[in-house]
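Working notes for the structure below.
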């Protein structure tokens, strides 16, 4: 790796939540102390790569293509990690039309990133956990397409996401990261220990799921295997080091996201970018002082 690596993350609310990115940064700081990494989280809730949206969604879902070129110009990344799929199937039974929209949108995003000179890295969708959804809101196949949404999802939506993930992993020449299977395996393992385990709300992973994503990225992109799970995953409040990394990530993510702009009507409370960059420098000094407490 070079002396500096700028990594941009584009994705939906799972990326926007940002915990896996904070885990990733914390581990990179620990294992590569002489390497400079800049991780920029531009995840936007509700976003898709396909441009599709449910009719009863509170607002038209944002599409990454509305902002991807602005993001690349402003951030000048070396790598771009794309995380889409959960929203792209619109929580409905499999449809060739929706599948093509996802394929076309993702392939175009890869093309745009590659044309900018950056490396495109594409994560599969994570799995959907129907057991975490209230049974009365799950819909079987056969309803009118307008009936399905994130509020009333298809009961076998995980099968749709599996199809999306398998297609993505079959792409030749694409740097694809499989988070679907590791998350599914982790969920099954958790249920062996606790039959009532649920992975968040069925859509958004909990902290343990975010660790699986971070661990997978570390292994595949940096050849780094973490044999011992860091204590800050299960006890984040016990690590001043991680709390500072997380705080810095949130400050920068909000500022970058609103500086570049997006079409989600819900805007983040954010500092002007220059102020956020200055604050991040101060936080970076504090992080360095606490690095021994990793």
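Every number here is computed from the coordinates shown, using simple stated rules; none is lab data. What you see is a predicted model, and the numbers here were worked out from it, not measured in a lab. Virtual Cβ from ideal backbone geometry, glycine too; neighbours counted across all protein chains shown.
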Point to revise | Residue in the stretch 262-270 that is in contact (Cβ under 8 Å) with a residue 12 or more places away in the chain, touching a helix residue (DSSP H, G or I) at 6+ places or on another chain (Cβ under 7 Å) and assigned to a helix (DSSP H, G or I) present | key: no
Review point. For residues in the stretch 54-73 being in a helix (DSSP H, G or I) and over 23 Å from residue 217 (Cβ atoms), which is nearest to the chain's Cα centre (by Cα)?
Key: 65
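Kindly indicate whether any position in the stretch 163-185 is farther than 23 Å from residue 81 by Cβ and touching a residue at least 24 places away in the same chain (Cβ under 8 Å). Quick ask: steps written out before the conclusion?
The initial filter retains those residues of the stretch 163-185 that are farther than 23 Å from residue 81 by Cβ, namely none.
There is no residue in the stretch 163-185 that is farther than 23 Å from residue 81 by Cβ and touching a residue at least 24 places away in the same chain (Cβ under 8 Å).
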Check your understanding: When you scan the stretch 1-16, how many residues do you find that are outside any strand (DSSP E or B) and within 18 Å of residue 119 (Cβ to Cβ)?
Key -> 4
Exercise for review: Would you check if residue 209 is buried (at least 16 other Cβ atoms within 10 Å of the Cβ), on the phi > 0 side of the Ramachandran plot and either in a loop (DSSP other than H, G, I, E, B) or in contact with a helix residue (DSSP H, G or I) (Cβ under 7 Å, 6 or more places away or on another chain) (or both)?
Suggested key: no
Revision key, fill the gap. Residue 51 fails exactly one of (1) at negative phi; (2) touching a strand residue (DSSP E or B) at 6+ places or on another chain (Cβ under 8 Å); (3) part of a loop (DSSP other than H, G, I, E, B), namely (1)
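Answer yes or no as to whether residue 72 is surrounded by 15 or more Cβ atoms within 10 Å (Cβ to Cβ), under 19 Å from residue 202 (Cα atoms) and in contact (Cβ under 8 Å) with a residue 60 or more places away in the chain.
On the way: surrounded by 15 or more Cβ atoms within 10 Å (Cβ to Cβ): yes; under 19 Å from residue 202 (Cα atoms): no; in contact (Cβ under 8 Å) with a residue 60 or more places away in the chain: yes.
Here the answer is no, as residue 72 does not meet what is asked.
For residues that are under 19 Å from the mean Cα position of the chain (by Cα) and touching a residue at least 40 places away in the same chain (Cβ under 8 Å), scanning just the stretch 139-162, find the one that is nearest to residue 87 (Cα to Cα).
Quick first cut of the stretch 139-162, residues under 19 Å from the mean Cα position of the chain (by Cα) only: 150, 157-158, 160-162.
Okay, now just the ones that are also touching a residue at least 40 places away in the same chain (Cβ under 8 Å), so 150, 157, 160-161.
Values: 150: 8, 157: 11, 160: 11, 161: 10 Å.
Restricting to residues being under 19 Å from the mean Cα position of the chain (by Cα) and touching a residue at least 40 places away in the same chain (Cβ under 8 Å), the top hit is 150.
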**Study point:** the stretch 17-36, subset in contact with a strand residue (DSSP E or B) (Cβ under 7 Å, 6 or more places away or on another chain) and part of a helix (DSSP H, G or I), residue nearest to residue 222 (Cα to Cα)
**Key:** 28
**Study point:** Residues that are assigned to a loop (DSSP other than H, G, I, E, B), out of contact with any helix residue (DSSP H, G or I) (no Cβ under 6 Å at 6 or more places or on another chain) and surrounded by 18 or more Cβ atoms within 10 Å (Cβ to Cβ), drawn from the stretch 119-168
**Key:** 129, 133, 148, 149, 150, 153
